[in-house]
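Below is one structure; the comments refer to it alone.
What follows is calculated from the coordinates using simple rules that are stated; it is not laboratory data. Keep in mind it's a predicted model, so treat the numbers as computed, not measured. Note that each Cβ is placed from the backbone with ideal geometry, even for glycine, and that neighbours are counted across all protein chains shown.
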Amino acid sequence: MYRIVATCLLLLGCAAFAQDEAKLTLSDCRISAGPGYPGIKARCGTFVRPLNPADPASENIELRVAVVPALDLEPEPDPMVPLAGGPGQGAIQFYSAYAAAFEVVRRDRDILLLDQRGTGSSASMDCSVEDEIVEGQYDDAQTLESTRACLEQLPYDPSFFTTSVAVTDLEALRSALGYGSLNLLGMSYGTRVAQHYARRYPSTTRSVVLDGVVPPQLPLGPEIATEAQRAVDEIFERCAADADCNERFPELDLDFQSVRAELAEAAIEVTLADPLSGHLTTLKFGRDELAAAVRLLAYQPYSIALLPLLIHEAASDNYAPLAAQFQLTVSSLADSLSLGMHNAVMCTEDLPFVDREAIDFDVLGETYIGAFQLEALETICSIWPRGPLDDGFHEPLASDLPVLLLSGSADPITPPRYAELAMVKLSNARHLVGERQGHGQLAAGCMPKIIANFVASADVGALDVSCMENDFVMPFFLDFSGPKP
């Protein structure tokens, strides 16, 4: 699935409303991050919008809305609005997975959730993906054939599922529910949505938190492989500098080279217990699967801690643990991301702005991912219809709104320098970097408290961030029982 799905991990005037705003009603419901996760009490409803907001006569689509009420009976008038990443993840699922990190904010503010059009339960633009794609086994011709099949399955014209259209839905919803302004929190691709909403609707934006920042002026795609390689190199350097890790895995970089070389020759078959069902299954594990597993494991400190051990085991001909992590992580990704919405965004907002002549393909080829991910995206976008893109979409946000930017120094997809790019025209912004943290700081250490204090004050200068000095980073696993005691 990696040729198509992994392109995700990389991650806009007022429109006429198709629905009478007074008719938007909410009723008691429960939301969750998925099967097996606890339910969260909320108020839910369906928000009807025109497929094409520029044409109120166009067909309607239904968007899923949820409000998790503040704990205070007299909450502040401006809610917190989480904006999910991907692109392709629904906001309700995203919030539900991170609900504990929002609890300090929720003491006195509602949490307003809108599954972005095409994601979650909002006019879902997903399509089935065959196992061979999931396992990275399709060549360009097969990827093209699968993309055509995906387009034929979609229930709506994918042109109208871009960020430029989606922010008009959020503004319409804000008006319909009577909120005067919003506090936006975007993660990964959600930072693009937050920045563009603030660009289009500054008067109804109170504060902005950008976590894992995608700068508007930089199209995603060309740097995915090189940033992923940088992150892995830093993990190896950390292991070498750690006495216990270095003693246990003294030639980690050579182990990785050995595994890459073996899988470049030919994929191998790995028999393992399915991480979800427990049933024995045989998985073809090759170069692309290795790239998927390593890249996704490098996202978070708790999975980074496993990476040296998994690579060392693979170099010792025990591929099952690494293959199991690949299967578990990528299957979860496929279940949570809407492929049609993802492609609508990437093929309109990113790939058309990639300067191929500026890419050093020799350097790209030396990375463990290589150029195949970019090439797969080019294949998909060669037939995917483009949608609306607002003027100035790729300009850095120029604003005096209070903006808090968050990065992880070990982030393999949105490094700290991306936040610095996004800040060039922000006059009231502050950038915090979590040392040795990965992609997404929302739930790391004391960050929930910092975010809550920022939203309460809307003042970046007043923040006390000294608690970040004590943030915990998971030590490396030396065996499958865990780190050294």
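Observations, loosely collected:
- 3J(HN,Hα) along segment 113-121: 10, 10, 4, 4, 3, x, 10, x, 9 Hz, from the Karplus curve 6.51 cos²θ - 1.76 cosθ + 1.60 with θ = phi - 60°, whole Hz, x for Gly and Pro.
- Farthest toward the positive end of the dipole of the chain, out of CYS127, TYR319, TYR189, is the Cα of TYR189, where the dipole comes from beta carbon charges about the Cα centre.
- Summing Lys and Arg as +1 and Asp and Glu as -1 over all other residues whose Cβ lies under 12 Å from the Cβ of TYR319 gives a net charge of -4.
- For segment 337-364 and segment 23-44, distance of Cα centres in Å: 35 Å
- Taking the helices alone, the chain has a mean residue ellipticity at 222 nm of -10500 deg cm²/dmol, built from -39,500 (n - 2.57) per DSSP H run of at least 4 residues and averaged over all its residues.
- Rg to Rh quotient for segment 356-406, alpha carbon positions, Kirkwood Rh: 1.13
- Sequence-distant residues sharing a close amide H with LEU63 (under 5 Å, placed H): PHE47, VAL48, ARG49
- Within-12-Å neighbourhood charge of GLN116 [Cβ basis; K, R +1; D, E -1]: +2
- Summarising the label geometry, the points placed 7 Å from Cα in the beta-carbon direction at GLU62 and TYR37 lie 2.2 nm from one another.
- Using θ = phi - 60° and Karplus 6.51 cos²θ - 1.76 cosθ + 1.60, couplings along segment 183-191 (whole Hz; Gly, Pro as x): 9, 9, 10, x, 10, 6, 3, x, 5
- Reported to the nearest whole Å, the Cα centre-to-centre distance from segment 285-303 to segment 408-481 is 22.
- Added length on full extension, which subtracts the Cα-Cα distance from 0.36 nm per residue, ASN246 to ASP479: 82.6 nm
- P(r) tail, segment 178-295: Cα-Cα pairs separated by more than 24 Å, 56% of all pairs.
- Of the beta bridges in the chain, as assigned by DSSP with both residues counted there, near 55 percent are antiparallel.
- Over segment 369-485: Kirkwood hydrodynamic radius from C-alpha pairwise inverse distances, Å: 17.4 Å
- Ascending count of other beta-carbon atoms within 10 Å, so fewest first, for VAL214, VAL105: VAL105, VAL214
- Shape descriptor for the chain: Rg over Rh equals 0.96 (Cα atoms; Rh from the Kirkwood inverse mean 1/r).
- Approximate spin-label separation PHE353-GLU375, in nm, with each point projected 7 Å along Cα-to-Cβ: 2.6 nm
- One decimal place: the segment ASP471-HIS394 gains 24.3 nm when fully extended, by the rule 0.36 nm per residue minus the C-alpha distance.
- If the segment from GLN257 to GLN153 were pulled out straight at 0.36 nm per residue, it would be longer than the present Cα-Cα gap by 33.4 nm.
- 3J(HN,Hα) along segment 240-256: 5, 7, 9, 4, 5, 5, 5, 5, 6, 10, x, 10, 4, 5, 5, 4, 5 Hz, from the Karplus curve 6.51 cos²θ - 1.76 cosθ + 1.60 with θ = phi - 60°, whole Hz, x for Gly and Pro.
- Least to most buried among LYS41, LYS284 (fewest other Cβ within 10 Å first): LYS41, LYS284
- Cα-derived Rg to Rh of segment 223-264, Kirkwood definition: 1.04
- Distant-in-sequence amide H partners of GLY434 (H built 1.01 Å from N, under 5 Å): SER407, GLY408, SER409
- Residues PHE102, PHE94 arranged by fewest to most Cβ contacts within 10 Å: PHE102, PHE94
- Near-label residues of segment 225-241 by backbone N, under 18 Å of a point 7 Å along Cα→Cβ of GLU366: 225-237
- For segment 418-485, the convex hull spanned by the alpha carbon atoms encloses 109 Å³ per residue.
- Net charge contributed by nearby residues that have their C-beta within less than 9 Å of VAL68 (K/R +1, D/E -1): +2
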